[in-house]
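No value in this document is a laboratory result; all are computed from the given coordinates. Here the structure is a predicted model, which means the values were calculated and not measured. Neighbour counts run over all protein chains shown; Cβ positions are idealised from the backbone, glycine included.
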Amino acid sequence: MIKVISVVGTRPNFIKIAPLINAFKDYCGIKHLVCHTGQHFDENMSGVFFKELGIPVPDFFLGISGGSHAIQTAGIMMELEKVLFNEKPDLVIVPGDVNSTLASAIVASKLGIPLAHIESGLRSFDRSMPEEINRIVTDVLSDFLFVTEKSGINNLIREGIPSEKIFFVGNIMIDSLINYLPIIEKSTILSHLVSDNEPYLLVTFHRPSNVDDPEKLTNLMEFLLELSCEIKVIFPVHPRTRKNITRIKNKNLFAVNNSRLLLIEPLGYLDFLALVKNASAVITDSGGIQEETTFLGVQCITMRNNTERPVTVEVGTNRITGTNIEEVKKSVYEVLNGNIKKGSIPELWDGRTAQRIVQIIAEKFNVKN
């Protein structure tokens with residue numbers, strides 16, 4: 001019997017770990033435990049995801065949230081070290097690129113515990129993004145590097161990672177999407193927000209480059225107001241964004257919440273994906289949404305200067321506009337005027353990524369199912 005601990009901390013982590021939990025059930029020789037760091041801790045950002053995805057209560061909860069990157073990372077490291085020291089797992093699994101990922105990778109490596117990284121090799125080549133630092137360091141420390149797209153293989157090889165550590169397994173987020181699609185299609189969220197067959201744009205923003213600067217945030221909201229004259233705009237507001245909105249001097253600008261521009265609370269996974277699936281287009285600065293829109297064939301306009309997921313642009317429906325509002329406007333109105341980017345589903349985004357990951361782990365540890 002081997003023991004595996006998966007460490008999660010944020011919404012995207014929960015989505016990625018759900019298929020893995022199910023896949024491990026096929027192997028009686030593997031004891032799989034889940035540790036929640038607490039990085040996303042409130043009901044909208046954490047609790048509802050566990051309920052919707054059917055994830056069992058985590059075996060360990062560290063309760064570390066808030067604070068600067070250093071404070072949060074250090075807190076997770078201190079508490080996780082106690083768990084790993086007591087449990088002595090044979091493998092630690094970390095998904096994604098958040099502070100929980102980096103902290104767990106360092107602790108596991110220092111304790112000599114093999115490390116597996118889900119979503120290895122993704123690179124924006126922009127080290128001003130905290131996530132990029134987390135990805136690079138985690139990949140350097142990992143023993144199993146599970147890759148979602150072929151750009152990841154090329155990046156890792158270029159960085160000197162031995163090819164025998166790299167495994168092209170596909171995208172585990174798509175596992176969840178495929179698994180829950182029948183439930184997503186039964187969501188009633190649209191009936192509460194839009195009239196029958198009414199077109200709408202879905203908007204999400206949370207990155208510092210877009211929401212931390214008061215002038216940029218003001219320009220963004222003015223743009224959304226302008227758009228709402230053409231088409232309904234639905235904006236689930238991330239806690240970081242809402243906090244910054246309260247600091248804007250022009251309070252009247254953000255008080256708008258009419259039938260054309262809806263500023264709503266963050267949604268659970270199922271309701272949010274129902275909105276994505278039926279949107280005319282999505283405007284975002286998220287990473288995972290670029291992948292989900294590509295799989296669903298929904299037009300995605302990414303308000304960033306780069307993407308660590310180039311396959312969504314090369315194969316999928318994603319467009320990278322940069323953060324200049326005029327360039328974003330141009331892309332949005334192209335879509336609204338019928339200039340649709342046709343895309344296809346990338347290789348191995350087939351709903352069986354978790355099974356491939358667990359099979360590789362079982363083979364490496366000589367565990368039979």
Could you check how many percent of all C-alpha pairs in the chain are farther apart than 31 Å?
34 percent
Residues 156, 270, sorted so that the one with the fewest Cβ neighbours within 10 Å comes first
270, 156
For a quick check, take a GNM of the chain with Cα springs below 10 Å and name the residue from 344, 68, 176 with the largest mean-square fluctuation.
68
Magnitude of the charge dipole, segment 303-344, Cβ model with Lys/Arg +1 and Asp/Glu -1, debye to 20:
100 debye
Magnitude of the charge dipole, the chain, Cβ model with Lys/Arg +1 and Asp/Glu -1, debye to 20
240 debye
Segment 182-336 - Debye-derived log10 I(q)/I(0), Cα point model, q = 0.21 Å⁻¹:
-1.54
P(r) tail for segment 60-178, what percent of Cα pairs lie past 25 Å?
23 percent
Which angle between 0 and 90 degrees, to the nearest 10, do you get for helix 325-336 versus the longest principal axis of the chain when only C-alpha atoms count?
80 degrees
Relative to the longest principal axis of the C-alpha atoms of the chain, give the angle of the C-alpha long axis of helix 11-24, reported between 0 and 90° and rounded to the nearest 10°.
40 degrees
Can you tell me the orientation of helix 172-184 relative to the chain, as the angle in degrees between its alpha-carbon axis and the longest Cα principal axis, to the nearest 10?
60 degrees
Theoretical ellipticity at 222 nm over the chain - DSSP helices of four or more residues, -39500 (n - 2.57) apiece, nearest 500
-13500 deg cm²/dmol
Apply the Karplus parameterisation 6.51 cos²θ - 1.76 cosθ + 1.60, with θ equal to phi minus 60°, to every residue of segment 126-132 and state each ³J(HN,Hα) to the nearest whole Hz, in sequence, with x for glycine and proline.
10, 7, 6, 8, x, 4, 5
Cα pair distances of segment 144-228 binned at 10 Å [whole percent]:
13, 22, 23, 29, 12, 1
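Can you sort 352, 240 so the residue with the fewest Cβ neighbours within 10 Å comes first?
Fewest-to-most Cβ neighbours within 10 Å comes out as 240, 352.
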Evaluated over segment 101-244, the Cα radius of gyration and Dmax, each in Å
20.1, 58
Expressed as a percent, the portion of alpha-carbon pairs in segment 67-130 spaced more than 18 Å apart is 38 percent
Only four residue types carry charge here, +1 at the Cβ of Lys and Arg and -1 at the Cβ of Asp and Glu. Report the dipole size of segment 112-230 about the Cα centre in Debye, rounded to the nearest 20.
500 debye
Relative contact order (%) - criterion: Cα under 8 Å, at least six apart; region: the chain
16 percent
